[in-house]
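Values quoted throughout were computed directly from the atomic coordinates according to the rules given, and no laboratory measurement underlies them. Here the structure is a predicted model, which is why all the values come from computation and not from measurement. Virtual Cβ from ideal backbone geometry, glycine too; neighbours counted across all protein chains shown.
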Amino acid sequence: MEKQAIVMSGIRPTGFLHLGNYFGAVRNYVRMQSEYTCYFMVADLHALTTHPDTSELKKNVSRVLAENIACGLNPDKAAFYCQSHVPETSELYLYLNMLAYKGELEKTPTFKDKVRLQPDNVNAGLLTYPVLQAADILLHRATLVPVGKDQEQHLEMSRNFANRFNHRYGEIFPEPHAFNYGDELIKVPSLDGAGKMSKSENQYATLYLSDEDELIRKKVMKAKTDSGPTTPNSEKPDYIANLFLLMELVSAPDVTKKFEDDFNNCTIRYGDMKKQLAEDMVAFIAPVREKAEAIRNDEKYLKEIMEKGAAKARASAQVTMALVKEAIGLNYY
Ligand code: TRP
């Protein structure tokens, strides 16, 4: 049987999972786990580069695990693990650091952004963030990396480090590339009509999978509308088009079509549309929220899946590290 392609991705344990993460990333992981050999990792070491205060770390890691599993990520299919539980990651990171140049790291856009954001903590871990990420990926000799556009530069650096290693010590690493279903990643628009749902910006414009029903309704009802179109079949303003996009994600097709028709013949009542959207959002989010809550409170289960994930990841890591050490020439006896 042909060996399955290997998928690897990392999730930072900072912030709450929102609808944009779900449709942009998690839903794809869930599909991939049945088609590929998958490694999904909670990037707790990466988090230390920007969040030195670890008082919330355990809570955040538990939340990420619970929320992703509640969305359908299956720890029996994929290896779902914490970065710090696989010490081979740090070992490979060390070797790759000798192949990464200060100049290229300093000009990485994400590094420059973080220097601007935390001028008092420009630590070396921040500088070598892309090296650690390359270690995550190359550790499993993964070729498929489901990530968004913002990670493309990091992936290119991973390819460079892989190629440099191969060139200097011998062919071990395949090139990793960004991988997603379809050409375009689904963008989930924010509720204020500006940009997409995101972790940091306007909290009221983003729907989190942990939001309570009332809060979901409030956020949806606050979304900007106007008095409606006055000419049939007119073009939708952005903020209205966004409401329709959100509706397409969670509402039944005939429901969306009814409001489309109402819009086109100028009889649409946005209040009704938002009420419908709010109820469909609640129906979508509530079961995920409840499932995540139950998992988050089940320490025994969380411990079990973390151990299972780490065991699978380490088994794969140890095969790679044996090859790496031999290639470098660290196998003296
Ligand atoms: N840097 C990624 C982010 O900010 C997280 C990440 C860490 C990652 N290691 C990875 C992504 C390995 C893909 C592969 O979202």
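As a calculated quantity, the FRET efficiency between residue 311 and residue 34 at R0 = 22 Å, using C-beta atoms, amounts to about 0.60. Label sites at residue 94 and residue 12, each approximated as a point 7 angstrom past Cα along Cα to Cβ, lie 2.7 nm apart. Amide hydrogen proximity for residue 11: with H placed 1.01 Å from N in the peptide plane, the residues at 5 or more positions away or on another chain lying under 5 Å are 41, 42, 43.
With a simple spin-label model that places each label point 7 Å from the Cα along the Cα-to-Cβ direction, the separation between residue 77 and residue 265 comes to 4.3 nm. Semi-axes of the equivalent ellipsoid for the chain, computed as √(5λ) from the eigenvalues of its C-alpha gyration tensor and ordered from largest down, come to 41, 21, 19 Å. Distance between the C-alpha centres of the range 1-39 and the range 285-333: 14 Å, rounded to the whole angstrom. Look at the Cα gyration tensor of the range 1-113: its axes a ≥ b ≥ c give a/c of at least 1.5 with a/b at or below b/c, and that counts as oblate.
Quick check on the range 164-310: take the gyration tensor over C-alpha atoms, sort the square-rooted eigenvalues as a ≥ b ≥ c, and tell me if it's rounded (a/c under 1.5), prolate or oblate.
oblate
The length gained on full extension between residue 123 and residue 172, counted as 0.36 nm times the residue separation minus their Cα-Cα distance, comes to 14.6 nm. Distance between the C-alpha centres of the range 202-229 and the range 114-156: 33 Å, rounded to the whole angstrom. For the range 14-21, putting each phi into the Karplus relation 6.51 cos²θ - 1.76 cosθ + 1.60 with θ = phi - 60° gives couplings of 10, x, 9, 6, 10, 4, x, 4 Hz, in residue order, rounded to whole numbers and with x for Gly and Pro.
Placing +1 on each Lys and Arg Cβ and -1 on each Asp and Glu Cβ, with no other charges, gives the chain a dipole about its Cα centre of roughly 480 debye.
Here the range 106-241 is assigned +1 on the Cβ of each Lys and Arg and -1 on the Cβ of each Asp and Glu. Its dipole about the Cα centre then comes out at about 260 debye. Seen from residue 43, the other residues with C-beta closer than 12 Å to its C-beta sum to a net charge of -1, counting Lys and Arg as +1 and Asp and Glu as -1.
Label-to-label distance for residue 187 and residue 163 is 3.0 nm, based on points extended 7 Å past Cα in the beta-carbon direction. The string of couplings for the range 122-129 from the Karplus curve (6.51, -1.76, 1.60, θ = phi - 60°) is 8, 8, 5, x, 5, 5, 9, 3 Hz, one whole number per residue in order, with x for Gly and Pro. Among the GluC sites (Glu not before Pro) in the range 225-312, those placed in a DSSP loop whose Cβ has at most 16 other Cβ atoms within 10 Å are 235. A straight Cα-to-Cα reach below 27 Å connects residue 3 with the lysines 77, 308, 312, 325, residues fewer than 8 places away in its own chain not being considered. The relative contact order of the range 203-292 comes to 46 percent, based on Cα pairs under 8 Å that sit 6 or more residues apart. Near residue 262, once Lys and Arg are set to +1 and Asp and Glu to -1 for all other residues with Cβ below 10 Å from its Cβ, the sum equals 0.
Peptides 135-145, 222-232 ranked from most to least packed, by the mean per-residue count of other Cβ atoms within 10 Å: 135-145, 222-232. If R0 equals 22 Å, the separation of the Cβ atoms of residue 27 and residue 112 corresponds to a calculated FRET efficiency of about 0.10. Highest-first packing order for the peptide set 319-328, 66-75, 280-289, 98-107 is 66-75, 280-289, 319-328, 98-107, based on the mean count of other beta carbon atoms within 10 Å.
Measuring nothing but how far apart in sequence close Cα pairs (under 8 Å, 6+ apart) lie, relative to its length, the chain scores a relative contact order of 24 percent. Sorted on the mean count of surrounding Cβ atoms within 10 Å across their residues, most packed first, peptides 34-43, 266-275 read 34-43, 266-275. Taking 13 Å as the straight-line reach from the Cα of residue 59, the aspartates and glutamates in range (excluding those fewer than 8 positions away in the same chain) are 44, 67, 293, 298, 299. The phi-based Karplus calculation (6.51 cos²θ - 1.76 cosθ + 1.60; θ = phi - 60°) puts the 3J(HN,Hα) values of the range 297-302 at 8, 9, 4, 5, 5, 4 Hz, whole numbers, x for Gly and Pro.
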